[in-house]
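Have a look at the structure below before the remarks.
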Amino acid sequence: MSQENVEVVRAAYEAYNARDMDAFRALYDPGAIIVRGLDGWPEAGPFVGREDVMRAFETLRAAWDSDTLENVRLIDAGDRVVARSTWRGIGSGPELNMDYTVIATLRKGKIFLMEYFWDHAEALETVGLSE
């Protein structure tokens, strides 16, 4: 099941970058939660329920004319996937070029819980791994 979880997270990146928010939404559990946002991020959450999570993503996306999530590395951690990523955006304001790591916990083939980290090593420690 863990490789399947990696593929679900990969599909989420692909759907987001294709701007296919219906496909993106379908990869999330109805009870999805962003429980841990990035420290210092203005909208820290938590965001509870798939629709609240989707609103959070859509609000962020609206800040730039164009944005992409670049997957640097997906790491299988059983029912969790560690995704080290770069988010890039361009628009009328400053360019976005942000590195972060997210732990996605999956339940029944859907993303259920998301935890964000600035520090990749901290995210790995959270799932019992190290660099």
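Please go through region 3-40 and pick out each residue that is at pLDDT below 90 and either among the charged types (D, E, K, R) or surrounded by 13 or more Cβ atoms within 10 Å (Cβ to Cβ) (or both).
Narrowing region 3-40 to residues at pLDDT below 90: 35-40.
Val35, Arg36, Gly37, Leu38, Asp39 - these are the residues of region 3-40 that are at pLDDT below 90 and either among the charged types (D, E, K, R) or surrounded by 13 or more Cβ atoms within 10 Å (Cβ to Cβ) (or both).
At least 2 residues that are in contact (Cβ under 8 Å) with a residue 40 or more places away in the chain, under 25 Å from Glu131 (Cα atoms) and of a type in the set (Val, Ile, Thr) in each: list the helices (runs of 4 or more DSSP H) lying fully within region 1-74 that qualify.
Numbers: elements: 2-17, 21-26, 50-61.
Of the helices (runs of 4 or more DSSP H) lying wholly inside region 1-74, those with at least 2 residues that are in contact (Cβ under 8 Å) with a residue 40 or more places away in the chain, under 25 Å from Glu131 (Cα atoms) and of a type in the set (Val, Ile, Thr) span 2-17.
Only one of (1) surrounded by fewer than 18 Cβ atoms within 10 Å (Cβ to Cβ); (2) among the charged types (D, E, K, R); (3) touching a residue at least 12 places away in the same chain (Cβ under 8 Å) is not met by Glu95, so which one is it?
(3)
Tell me which of these Arg88 doesn't satisfy, since it passes every other one: (1) under 22 Å from Glu4 (Cβ atoms); (2) over 13 Å from the mean Cα position of the chain (by Cα); (3) assigned to a strand (DSSP E or B); (4) not hydrophobic (A, V, I, L, M, F, W, C).
The failed condition is (1).
Please verify whether Glu115 is part of a helix (DSSP H, G or I) and either modelled with pLDDT of 95 or more or within 14 Å of the chain's Cα centre (by Cα) (or both), treating the condition exactly as stated. Show your work before the answer.
Working: part of a helix (DSSP H, G or I): no; either modelled with pLDDT of 95 or more or within 14 Å of the chain's Cα centre (by Cα) (or both): yes.
Here the answer is no, as Glu115 does not meet what is asked.
Going through region 60-97 one residue at a time, which ones are closer than 17 Å to Asp20 by Cα, of a type in the set (A, V, I, L, M) and touching a helix residue (DSSP H, G or I) at 6+ places or on another chain (Cβ under 8 Å)?
Leu69
All but one of (1) surrounded by 14 or more Cβ atoms within 10 Å (Cβ to Cβ); (2) among the charged types (D, E, K, R); (3) closer than 17 Å to Asn5 by Cα hold for Arg61; which doesn't?
(3)
Going by what's in this entry, would Leu124 be described as in contact with an Asp or Glu (Cβ under 7 Å, 6 or more places away or on another chain), in contact (Cβ under 8 Å) with a residue 40 or more places away in the chain, surrounded by 17 or more Cβ atoms within 10 Å (Cβ to Cβ) and under 21 Å from Val8 (Cα atoms)? Walk me through how you get there before you give the answer.
Details: in contact with an Asp or Glu (Cβ under 7 Å, 6 or more places away or on another chain): yes; in contact (Cβ under 8 Å) with a residue 40 or more places away in the chain: yes; surrounded by 17 or more Cβ atoms within 10 Å (Cβ to Cβ): yes; under 21 Å from Val8 (Cα atoms): yes.
In short, yes.
The values are calculated or read from the model by the stated rules, or taken from the named source; none is laboratory data. Keep in mind that what you see is a predicted model, and the values were worked out from it rather than measured. Note that each Cβ is placed from the backbone with ideal geometry, even for glycine, and that neighbours are counted across all protein chains shown.
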